[in-house]
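Take this structure first; my questions come after.
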Amino acid sequence: MENRSLVTIAEHSKERIMYLLEMAKEFEKKPNRHLLDQKIVATLFFEPSTRTRLSFETAANRLGAKVIGFTDPKVTSSSKGETLKDTIMMVSNYADIIVMRHYLEGAARYASEVTRVPIVNAGDGANQHPSQTMLDLYSIYKTQGTLENLNIYLVGDLKYGRTVHSLLMAMRHFNPTFHFIAPDELKMPEEYKLYCKQHNIKYIEHTDFTSETIADADILYMTRVQRERFTDLMEYERVKDVYILRNKMLEHTRPNLKILHPLPRVNEIAYDVDDNEKAYYFQQAQNGLYAREAILCDVLGITLDEVKADTLK
Amino acid sequence: MSDKKELQVAALENGTVIDHIPSDKLFTVVSLLNLQKINTNITIGNNFESKKLGKKGIIKIADKFFTPDEINRLSVIAPNIRLNIIRNYEVVEKKQVVMPDELKGIVKCNNPKCITNNEPMTTWFHVIDKEKGVLKCHYCEKEQQKDNIKLI
């Protein structure tokens, strides 16, 4: 049997990405369905991630599935020394889909190789988090009407930010122009700049973050600058307020601009931005529900045509 | 008569001569080929003079012929090794090691947060650049250079 697991979308073709986005669009029209009645979705969170877990569990519930799982690895047998393989084999006896979050990189890939139950990667260490990338793409697609030829500004921690790296790679099919705005300590790693060159992705680097820098942005993707990422705390004190988006910076930006953030936000977006119609981060999180409904159906082999037919019921 | 130099140790009737092994890699080759489990005659010599390497090691194994898979395991540590296949005291075939497309169970991933370093399982690397010797872990997707690898 073909393994339909979703481990990464880095290798997804343009057609495959658009197919999943079209499916997410159907779920936005009608979130509540019976497509997964009688199915059981296991959510195995070997490290806590409340936001991602709630989103997946809501998606499963809205599709009619039942949910089992754990949210705290301290109460599971992995804390007694059980291997990941054994945990996956055990849960495979019960569930039709396994959604897993793990602190180790490559855990989802390995899990998908030891079981025939489809695995959905809900984040494996610093490696991949494909459902986050899907919801980012869906948010961009929905607000801009296209993924083609956009100016995308990535702001904040571009060194460790897994979401910005995945987004960068997934956008390679769509001729974007990226602007990287980050302090020196957190700038985009060389390997991703090399990736851009290899795939003809245009990019411009900035260290300043002002209303002038962002005047041509279609998408402003904010991330959190975390204190613990700095080796030099003086440097942190110097830059911590530079990468904060304030409402007055948005005055001369493009009318179609939307501000995204993977959440949780701390202080990198001032609260006065929330009421600006360009702020999109809370709707972005809601889009995660539709993207995850599409992912859960896709790994079980439910096609776009079937979802469309179901929309009309 | 160019074989004369190789005959610093006893000639072989049938088997395999592994030549041009860098001296410091000799015992790694022994363990990668599991020679400790072979019951036929084995001659292991080290620190012989070599024009190419300065010093080299040689291994002669009687009545043993390796599969390409076994041979190619050696590519990560000593890409210039030569194998001479001997039948009836004659070299009937010379083989070189070829870097395979994939390496399973040979190299350790140098990312401590990789699942392969935390779970009893076989490592798996894709060789993405054979010339530069760049390996990519199938699981954590981190790349590493051949020069920095640790064997399992």
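Taking the criterion of being within 14 Å of chain A (Cβ to nearest Cβ), without any contact (Cβ under 8 Å) to a residue 12 or more places away in the chain and not in a strand (DSSP E or B), would at least one residue in the stretch B:88-110 satisfy it?
no
State all residues of the stretch A:20-59 that are part of a helix (DSSP H, G or I) and among the hydroxyl-bearing types (Ser, Thr, Tyr); if no residue qualifies, say none. Walk me through it before giving the result.
From the stretch A:20-59, those part of a helix (DSSP H, G or I) are A:20-29, A:50-59; that's our starting set.
If the condition is that a residue be part of a helix (DSSP H, G or I) and among the hydroxyl-bearing types (Ser, Thr, Tyr), then A:Thr50, A:Thr52, A:Ser55, A:Thr58 are the ones that fit.
Which of the residues belonging to the stretch A:124-164 are closer than 30 Å to B:Thr116 by Cα and among the aromatic types (Phe, Trp, Tyr)?
Selection gives A:Tyr160 alone.
Okay, moving on. Considering only the stretch B:46-89, state which residues are surrounded by 14 or more Cβ atoms within 10 Å (Cβ to Cβ) and of a type in the set (Phe, Trp, Tyr).
Hits for the stretch B:46-89 are B:Phe48, B:Phe65, B:Phe66.
Moving on. Which condition does A:Gly81 not pass, out of (1) farther than 20 Å from A:Thr8 by Cα; (2) surrounded by 12 or more Cβ atoms within 10 Å (Cβ to Cβ), if it passes all the others?
(2)
Return the residues of the stretch A:86-102 that are within 14 Å of another protein chain (Cβ to nearest Cβ) and buried (at least 17 other Cβ atoms within 10 Å of the Cβ); say none if nothing qualifies.
From the stretch A:86-102, those within 14 Å of another protein chain (Cβ to nearest Cβ) are A:86-89, A:100-102; that's our starting set.
Correct list: A:Thr87, A:Ile88, A:Met100, A:Arg101, A:His102.
Among what's in the stretch B:92-125 and is hydrophobic (A, V, I, L, M, F, W, C) and loosely packed, with under 14 Cβ neighbours inside 10 Å, pick the residue that is nearest to B:Asn34 (Cα to Cα). I'd like the intermediate steps shown before the answer.
If we filter the stretch B:92-125 for residues that are hydrophobic (A, V, I, L, M, F, W, C), which is where we start, we get B:92, B:97-99, B:103, B:106-107, B:109, B:114-115, B:121, B:124-125.
If we keep only those that are loosely packed, with under 14 Cβ neighbours inside 10 Å as well, we get B:92, B:98.
Details: B:Val92: 24, B:Val98: 19 Å.
Taking the candidates together, the pick is B:Val98.
Right, another one. May I ask you to list the residues in the stretch A:94-110 that are small (Gly, Ala, Ser) and touching a residue at least 60 places away in the same chain (Cβ under 8 Å)?
The initial filter retains those residues of the stretch A:94-110 that are small (Gly, Ala, Ser), namely A:95, A:106-108.
Within the stretch A:94-110, A:Ala107, A:Ala108 qualify.
Considering only residues of the stretch A:42-61 that are of a type outside the set (Ser, Thr, Tyr) and in contact with a Leu (Cβ under 7 Å, 6 or more places away or on another chain), which is surrounded by the fewest Cβ atoms within 10 Å (Cβ to Cβ)?
Of the residues in the stretch A:42-61, the ones of a type outside the set (Ser, Thr, Tyr) are A:42, A:44-48, A:51, A:53-54, A:56-57, A:59-61.
Of the ones still in play, those that are also in contact with a Leu (Cβ under 7 Å, 6 or more places away or on another chain) are A:51, A:59-60.
On the way: A:Arg51: 14, A:Ala59: 27, A:Ala60: 24.
Residue satisfying both the conditions and the ranking: A:Arg51.
From A:Glu22, A:Glu47, A:Glu28, which residue is within 23 Å of A:Met134 (Cβ to Cβ), of a type outside the set (Gly, Ala, Ser) and within 14 Å of chain B (Cβ to nearest Cβ)? Break it down into steps so the answer makes sense when it comes.
Working: A:Glu22 fails: within 14 Å of chain B (Cβ to nearest Cβ); A:Glu28 fails: within 14 Å of chain B (Cβ to nearest Cβ).
From the options A:Glu22, A:Glu47, A:Glu28, the qualifying one is A:Glu47.
May I pose another question? Considering only residues that are in a helix (DSSP H, G or I) and touching a strand residue (DSSP E or B) at 6+ places or on another chain (Cβ under 6 Å), which ones fall in the stretch A:169-200?
Passing the criteria: only A:Cys196.
Now for a separate question. Sort out which residues of the stretch B:111-151 are within 12 Å of another protein chain (Cβ to nearest Cβ), assigned to a loop (DSSP other than H, G, I, E, B) and not polar (S, T, N, Q), and write them in order of number.
Selection gives B:Pro112, B:Lys113, B:Glu119, B:Pro120, B:Met121, B:His138, B:Tyr139, B:Cys140, B:Glu141, B:Lys142.
For the structure I just gave you, tell me whether A:Thr8 is under 17 Å from the mean Cα position of the chain (by Cα), surrounded by 17 or more Cβ atoms within 10 Å (Cβ to Cβ) and part of a loop (DSSP other than H, G, I, E, B). Please lay out each step first, then the result.
Details: under 17 Å from the mean Cα position of the chain (by Cα): yes; surrounded by 17 or more Cβ atoms within 10 Å (Cβ to Cβ): yes; part of a loop (DSSP other than H, G, I, E, B): yes.
Taking the combined requirement at face value, the residue satisfies it.
Every residue, every condition in (1) among the polar types (S, T, N, Q); (2) closer than 30 Å to A:Leu20 by Cα, yes or no:
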position: A:Tyr192; (1), (2): no, yes
position: A:Glu205; (1), (2): no, no
position: A:Thr210; (1), (2): yes, no
position: A:Tyr243; (1), (2): no, no
position: A:Asn247; (1), (2): yes, no
position: A:His261; (1), (2): no, yes
position: A:Ala270; (1), (2): no, no
position: A:Val273; (1), (2): no, no
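Separate question: Of (1) polar (S, T, N, Q); (2) more than 30 Å from A:Ser79 (Cβ to Cβ); (3) in contact with a Leu (Cβ under 7 Å, 6 or more places away or on another chain), A:Asn121 satisfies all except one. Which?
Looking at each condition in turn, A:Asn121 falls short on (2).
Could you tell me whether any residue of the stretch A:263-277 is within 27 Å of A:Pro183 (Cα to Cα) and among the aromatic types (Phe, Trp, Tyr)? Can you show your working first?
Looking only at the stretch A:263-277, we keep the residues that are within 27 Å of A:Pro183 (Cα to Cα), and these are A:263-274, A:276.
This time we only want the ones that are among the aromatic types (Phe, Trp, Tyr), so: A:271.
Yes.
Right, another one. With respect to A:Lys74, determine if the residue is surrounded by fewer than 23 Cβ atoms within 10 Å (Cβ to Cβ), basic (Lys, Arg) and within 21 Å of B:His138 (Cα to Cα). I'd like the intermediate steps shown before the answer.
Working: surrounded by fewer than 23 Cβ atoms within 10 Å (Cβ to Cβ): yes; basic (Lys, Arg): yes; within 21 Å of B:His138 (Cα to Cα): no.
Criteria not met by A:Lys74.
Another one. Does A:Tyr141 meet the test of being over 19 Å from A:Ala59 (Cα atoms), touching a helix residue (DSSP H, G or I) at 6+ places or on another chain (Cβ under 7 Å), in a helix (DSSP H, G or I) and more than 13 Å from every other protein chain (Cβ to nearest Cβ)?
Working: over 19 Å from A:Ala59 (Cα atoms): yes; touching a helix residue (DSSP H, G or I) at 6+ places or on another chain (Cβ under 7 Å): yes; in a helix (DSSP H, G or I): yes; more than 13 Å from every other protein chain (Cβ to nearest Cβ): yes.
Considered against the rule, which asks whether it is over 19 Å from A:Ala59 (Cα atoms), touching a helix residue (DSSP H, G or I) at 6+ places or on another chain (Cβ under 7 Å), in a helix (DSSP H, G or I) and more than 13 Å from every other protein chain (Cβ to nearest Cβ), A:Tyr141 comes out as yes.
Moving on to the next point. Quick one: in the stretch A:207-251, of everything that is acidic (Asp, Glu) and under 13 Å from A:Glu185 (Cα atoms), which residue is surrounded by the most Cβ atoms within 10 Å (Cβ to Cβ)?
Start the filter on the stretch A:207-251 by keeping residues that are acidic (Asp, Glu), which leaves A:208, A:212, A:216, A:218, A:228, A:232, A:235, A:237, A:241, A:251.
Narrowing the set further to residues that are under 13 Å from A:Glu185 (Cα atoms) leaves A:228, A:232, A:235, A:237.
Values: A:Glu228: 6, A:Asp232: 9, A:Glu235: 14, A:Glu237: 11.
This residue is A:Glu235.
Which numbered condition trips up A:Ala108, out of (1) at pLDDT 95 or above; (2) more than 12 Å from chain B (Cβ to nearest Cβ); (3) at negative phi?
Status for A:Ala108: all satisfied but (2).
On the given criteria, is B:Asn39 outside any loop (DSSP other than H, G, I, E, B) and at pLDDT 90 or above?
No.
Now for a different question. Quick check on my filter: what residues within the stretch A:141-178 are within 12 Å of the chain's Cα centre (by Cα), crowded, with 23+ Cβ neighbours inside 10 Å and within 19 Å of A:Gln283 (Cα to Cα)?
Matches in the stretch A:141-178: A:Val164, A:Leu167.
The values are calculated or read from the model by the stated rules, or taken from the named source; none is laboratory data. As the structure is a prediction and not an experimental result, all values here were calculated from the model. So basically every Cβ, Gly included, is an ideal-geometry build from the backbone, and we count neighbours across all protein chains shown.
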